[in-house]
Amino acid sequence: MANAPEGNGLWLGQHLLATIGAVATRRCLAPTARGPAGRITPAGPTGSDAGPRRQCLGAGAARGKKTGPNPTDRRKAGSKHHILTEARGIPLTALLTAANRHDVTQLLPLVDAIPPLRGCPGRPVRKPGLIQGDRGYDSQPHRDALHRRGIHTQLAKRRTPHGSGLGRTRWVVERTLAWLHRFRRLNMRYERRPCIHEAFLMLGCSLICWNFLKPLIYF
């Protein structure tokens, strides 16, 4: 609904519909306008950039549990995805933490969250035979904890030259992370409640598993 003529003409919110010369008596528009409406600067921002923007890694949008200052993005509030895959890149489990949580703190929780794997004759597999990780997982206490569980480790050590060859087998994890972050709801966190974002994370992992299994089902 248009406002009554006030000031210099007829307004609709912050937009000028007609100047005072184009407004006839009894608050009706004249049959023909004498001239175009003058250029009026609105009192506030207009257009597509006027509204608030939701940002998953911004300080105003990602507030809530499992968020923290992102050390790679000027300490903006954000979250981090931790994922464990098998040799081909199929996600086995994924966790959500604050952006400032170190990778090694989630190594044992990731291993503990592996579901029983069925498919082969015998008892379901509940633990992997080998764990591979980059320098972010370099921790001797964690190596010892995995060895006590009967799990071999291949974790890169810090302050050592590159060229260990670990990247030739570990690149599948980076590829799976890239697949996950192609989903808009995972590339940026829009949800304040972590359980909602974790649901989207599990859904993204399920879609990746489906892409692996679909050729086998339709074969």
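Here are a few things to note about the model shown:
- Single unsatisfied condition, LEU110 versus (1) on the phi < 0 side of the Ramachandran plot; (2) modelled with pLDDT under 90: (2)
- Taken over segment 101-128, the criterion of being in a loop (DSSP other than H, G, I, E, B) and under 23 Å from GLY165 (Cβ atoms) is satisfied by PRO128 alone.
- Members of segment 83-119 that are closer than 18 Å to GLU191 by Cα and not polar (S, T, N, Q): ALA94, LEU95, LEU96, ALA98, ALA99
The values are calculated or read from the model by the stated rules, or taken from the named source; none is laboratory data. Since the model is a prediction, treat every value here as computed from it, not as a measurement. Cβ coordinates were reconstructed from backbone atoms using ideal geometry, including for glycine residues, and neighbour counts include every protein chain displayed.
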